[in-house]
Amino acid sequence: MKLYISQCIIAIINLEGMNELGKYISLAEETAEKLKRMIMNEEIYKPGERLPNESNLSEILKVSRTSIREAVKILIAGNILEIRRGVGTFVKENPGMASNLFDMIYLSDKKQDLKDSLNLRLILEPSMIKNTIDFVTEDELEEICRYEELCRDACLMGKNYYEYDAKFHEALACASHNKIFEQLTPLLHQSIIIINHSIKDERIINSFRENAVIYHKKIVDCIKERDYVGAEVYSRIHVYNAMKIMNLL
């Protein structure tokens, strides 16, 4: 038990130094952040100004041209850079404006629905999973594991995983043996429905896939080991990550 508590404390301490999926950020993401600071904070490259070419940026930032190429893609998605064909890469006139993902992929009411749903999950799911640890049967645990595996396989193959994601959380709720949790599950997981029907950006979808793969497995392992602290921490991080991905914090 002490080992699990230590692991959870380490996870919390390290969270700020990791990306939204509990991993250290990639070199491309780090490069994108540096370039973003050069534009937004240091004003080295101003709105409407053309960036140095790939080779020069590679020398300036001390990274490979591949990392520069990926970083530029990230900043284009963030509405900070734009490519003018045959001319080069430019800082947008209003860099970062309308970069909130919801401005691009959600109606305004969907943003609030998603935020409310995730906030409710953040409050209730950790307690629900504690109940699950106390009352889960062998058959119910097998069902939880089955949907965790189906969800993971779909994510790793790049397929639509949302149905298995929802079933995984439904199985957790049923195994809590609390009728209120069971009845609340469709409302709690309205967020999954909204994400499924609204997100078109493959980069964002991949972030959600990785979040599901990592933290569903951690939650299942904690249930098997009857690790209350770990289950609470990882269930919170799982929802917290979703909120970070969608710029809801």
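The values are calculated or read from the model by the stated rules, or taken from the named source; none is laboratory data. Note that the structure is a prediction, hence the values are computed from the model and not measured. All Cβ positions, even for glycine, are placed from backbone atoms using ideal geometry, and neighbour counts span all protein chains on display.
Structural remarks
- Output for the range 175-203, where each listed residue is modelled with pLDDT of 80 or more, hydrophobic (A, V, I, L, M, F, W, C) and surrounded by 18 or more Cβ atoms within 10 Å (Cβ to Cβ): Ala175, Phe181
- Any hit, the range 207-218, residues being modelled with pLDDT of 90 or more and of a type in the set (Val, Ile, Thr): yes
- Yes/no for Ser235 being of a type in the set (S, T, N, Q), touching a Ser or Thr at 6+ places or on another chain (Cβ under 7 Å) and buried (at least 21 other Cβ atoms within 10 Å of the Cβ): no
- Scanning the range 25-71 for residues that are within 18 Å of Asn94 (Cβ to Cβ) and in contact (Cβ under 8 Å) with a residue 40 or more places away in the chain turns up Leu35, Lys36, Ile39, Met40, Tyr45, Lys46, Pro47, Gly48, Glu49, Arg50, Leu51.
- Considering (1) more than 20 Å from the chain's Cα centre (by Cα); (2) surrounded by 13 or more Cβ atoms within 10 Å (Cβ to Cβ); (3) at pLDDT 50 or above, the lone condition that Tyr4 does not fulfil carries the number (3).
- Scanning the range 38-49 for residues that are modelled with pLDDT of 90 or more and within 13 Å of Gly78 (Cβ to Cβ) yields one hit, Ile39.
- Residue in the range 187-198 that is in contact (Cβ under 8 Å) with a residue 12 or more places away in the chain and closer than 17 Å to Ile133 by Cβ present: no
- Residue in the range 123-143 that is surrounded by 18 or more Cβ atoms within 10 Å (Cβ to Cβ), closer than 26 Å to Ala77 by Cα and at pLDDT below 95 present: no
- Within the range 69-100, the set of residues being of a type in the set (Ser, Thr, Tyr) and modelled with pLDDT of 85 or more comprises just one member, Thr89.
- Look at (1) surrounded by 22 or more Cβ atoms within 10 Å (Cβ to Cβ); (2) among the aliphatic types (A, V, I, L, M); (3) within 17 Å of the chain's Cα centre (by Cα) and you find that Met243 fails only one, number (1).
- Subset tally (residues that are in a helix (DSSP H, G or I) and farther than 13 Å from His169 by Cβ) for the range 127-147: 13
- Failed condition for Val63, given (1) in a loop (DSSP other than H, G, I, E, B); (2) touching an Asp or Glu at 6+ places or on another chain (Cβ under 8 Å); (3) closer than 19 Å to Ser26 by Cβ: (2)
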